[in-house]
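K.L.:
Let me begin by handing over the structure; questions about it come next.
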Amino acid sequence: MPRSSATPTIALLTLALALPTAVAWPAAAAPPPAHASVAASFRNDTDTRTSLPRPTGPYAVGRDTLHLVDRARRDPWVPDTARELMVGMFYPALPGTGAPAPYATVQEARLFLKSYGLEGVFPAETLSATTTSGRVGARPARGRYPLVVLSPGFGVSRFTLTGLAEELASRGYVVAAVDHAYESVGTAFPGGRMLTCVACAKAQSEQDLEAVTAGRGKDVAFLLDRLTGPCPAWRYAGLIDRNRIGMAGHSVGGAGAAAAMAGDRRIRAGVNIDGAFHTAVPADGLGGRPFMMLGTDDETHRPGGTDTSWDQAWHRLDGWKRWLTVAGSTHYSFSDIPLFLDELGLPGTQSPQALSGNRSLHITRAYVGAFFDLQLKHIPQQQLDGPTPTEPEVTFNYP
């Protein structure tokens, strides 16, 4: 199974320790001895902080949260309940309005860290209190903006893509970051419910992962109905330009972007960030719509690599397309997590071959932002035409 399809424990511990291959210990076990001094320093230093770099766009970032229930569909993992989504809305806002937005609840952070064996070295309170640029209740900036849907990797929450979401909102996008019920190790839902990853135990085969991917596509179609339909669920739905919608996802969320586009013509452009295409791109393509693949520069997602779904997808994509790989990246380099590990000085994260968390987030923001600026705003983007001296880590692949 490709690394992007591996269990979350293996994937993140590979990143955290900067090992060339996945070496994992049970999620409930104690962390390696190398982390002991770091854990002790955290216990003695209550001022430890993590933060996301400020986004680069001209807008302040507003934050809101939606709880959506699809009463016409049963949850695939807990069939006696309706399908539910938690959606983080990021939008262009007026500066100086609203209150600071939390990164995650303490319990969400605790479950996330526990699942990767990092609870003893990365306090949940530190992750939860990460400084962000989003402001809850911020007044929206006047105008109409493209909508970008973000879907996280299997087993992780939407909060791991906050750095990318804030960047896009600051550049003039409405962003809907989705938590799919029972597909993360811990997501807070209304009524004091903490839904955990039932799917992580049930999805064991490639067929199961195809079902996950297809389900993400259905979730996004429902989300678009509720954001752009005649009775929208979001109070600021008037900000959304219904004719300019894109989607990006990390890992299985990236495969979900292709699945969502295959089933919904409203999505005009998509990005798969380091995810195997468990549900294949249709043989006749995506109707000429643009698609970008952005991934690790290893045996997984190079042309002819171990994940052959990228080769197949490339040849089936029938519109504008790019296949980019990033030297020194690992599967979770495209999320916020490496940045926090670097900030906390966790042992093993600063190898000469590995990108720093700050650099990997910069590249993710730059290329995903450029893609949507080109495809949804029609602003020329020279960095998508070929290699640039400012991002030498990025390779353009043309199989």
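K.L.:
What's the center-to-center distance, using Cα atoms, between the stretch 251-286 and the stretch 379-399 in Å?
P.N.:
Between the Cα centre of the stretch 251-286 and that of the stretch 379-399, the gap is 22 Å.
K.L.:
If the stretch 246-317 were replaced by its equivalent ellipsoid, with semi-axes equal to the square roots of 5 times the Cα gyration tensor eigenvalues, what would those be, largest first, whole Å?
P.N.:
Taking √(5λ) for each eigenvalue gives 19, 13, 9 Å, largest first.
K.L.:
Then there's this: The list (1) 21.6; (2) 20.9; (3) 23.1 gives values of Kirkwood radius over Cα pairs in Å, and only one came from this structure; which label was calculated from it?
P.N.:
Working out Kirkwood radius over Cα pairs in Å from the coordinates points to (2).
K.L.:
Also, I was wondering about something else. Most mobile of Ala129, Ala109, Ala177 per a Gaussian network model of the chain (Cα springs, under 10 Å)?
P.N.:
Ala129
K.L.:
Could you identify which residue out of Arg142, Arg289, Arg83 has the top mean-square fluctuation in a GNM of the chain using Cα springs shorter than 10 Å?
P.N.:
With Cα springs under 10 Å in the chain, the top fluctuation among Arg142, Arg289, Arg83 is at Arg142.
K.L.:
Could you work out the relative contact order of the stretch 3-396? I mean the mean sequence separation of Cα pairs under 8 Å and 6+ apart, divided by the number of residues, in percent.
P.N.:
Reported relative contact order: 16 percent.
K.L.:
Pick from Gly288, Gly153, Gly192 the residue whose mean-square fluctuation is largest in a GNM of the chain, springs joining Cα atoms under 10 Å.
P.N.:
Among Gly288, Gly153, Gly192, the largest GNM mean-square fluctuation belongs to Gly192.
K.L.:
How do Tyr173, Tyr116, Tyr398 line up, fewest other C-beta atoms within 10 Å first?
P.N.:
Lowest count first: Tyr398, Tyr116, Tyr173.
K.L.:
Please list, ordered by chain and number, the residues whose modelled amide H lies under 5 Å from the amide H of Thr300; skip anything fewer than 5 residues away on the same chain.
P.N.:
So Thr300 has HN proximity to Thr306.
K.L.:
Right, something else. D for the stretch 309-399, whole µm²/s, Stokes-Einstein with Kirkwood Rh over alpha-carbon pairs at 10 °C and 1.306 mPa s: what number?
P.N.:
In µm²/s, the coefficient rounds to 109.
K.L.:
For the stretch 169-184 and the stretch 104-139, what is the separation of their C-alpha centers, rounded to whole Å?
P.N.:
17
K.L.:
Next question, about the same structure. Which of Phe90, Tyr332, His301 sits farthest toward the positive end of the charge dipole of the stretch 3-396, with +1 on the Cβ of Lys and Arg and -1 on the Cβ of Asp and Glu?
P.N.:
Phe90
K.L.:
While we're on this one: Taking the Cβ of each residue in Leu384, Leu195 as the centre, tally the other Cβ atoms inside 10 Å and list the residues starting with the fewest.
P.N.:
Going from sparsest to densest Cβ surroundings: Leu384, Leu195.
K.L.:
Answer with one residue from Tyr103, Val69, Thr50: the one whose Cα lies farthest towards the positive end of the charge dipole of the stretch 41-130, charges on Cβ with Lys, Arg +1 and Asp, Glu -1.
P.N.:
Working it through, the farthest residue towards the positive pole turns out to be Val69.
K.L.:
Further, regarding this structure: Compute all pairwise cysteine Cβ distances in the chain, then list the cysteines with no distance under 4.7 Å to another cysteine.
P.N.:
Cys231
K.L.:
Sort the following peptides by mean Cβ neighbour count (other Cβ atoms within 10 Å, averaged over residues), highest first: 67-77, 290-300.
P.N.:
Going by the mean number of other Cβ atoms within 10 Å, highest first, we get 290-300, 67-77.
K.L.:
Another question, then. When a/c reaches 1.5 or more, the comparison of a/b and b/c decides; with that in mind, is the stretch 133-181 rounded, prolate or oblate per its Cα gyration tensor?
P.N.:
Since a/c reaches 1.5 and a/b is larger than b/c, the shape of the stretch 133-181 is classed as prolate.
K.L.:
Kindly provide the helix-only [θ] at 222 nm of the chain, computed as the sum of -39,500 (n - 2.57) over DSSP H runs of four or more divided by all residues, to the nearest 500 deg cm²/dmol?
P.N.:
-9000 deg cm²/dmol
K.L.:
Using θ = phi - 60° and the Karplus form 6.51 cos²θ - 1.76 cosθ + 1.60, what ³J(HN,Hα) does each residue of the stretch 297-313 get, whole Hz, x for Gly and Pro?
P.N.:
9, 9, 5, 6, 10, 7, x, x, x, 5, 8, 6, 5, 6, 4, 5, 4
K.L.:
Right, here's the next one. Residue-wise, which Karplus ³J(HN,Hα) couplings in Hz belong to the stretch 272-282, taking 6.51 cos²θ - 1.76 cosθ + 1.60, θ = phi - 60°, and x for glycine or proline?
P.N.:
Couplings: 9, 9, 6, x, 5, 7, 5, 9, 5, 4, x Hz.
K.L.:
Let me ask another. Among Thr126, Ser157, Trp234, pick out the residue whose Cα is farthest towards the positive end of the charge dipole of the chain, where Lys and Arg carry +1 and Asp and Glu carry -1 on C-beta, about the Cα centre.
P.N.:
Sorting the options by dipole projection puts first Trp234.
K.L.:
Turning to a different aspect of this structure: Using the crude model of +1 on Lys and Arg Cβ and -1 on Asp and Glu Cβ, and no other charge, please compute the dipole size for the chain relative to its Cα centre, in debye to 20.
P.N.:
1320
K.L.:
To make sure I understand the rule: partners must be lysines, Cα under 28 Å from the Cα of Lys218, and not fewer than 8 residues away in the same chain. Which ones qualify?
P.N.:
List returned: Lys202, Lys321, Lys377.
Bear in mind these aren't lab numbers, they're just calculated from the coordinates by the rules spelled out. Everything quoted here is computed from the prediction, not taken from an experiment. Backbone-built Cβ (ideal geometry, glycine too); neighbour counts: all protein chains shown.
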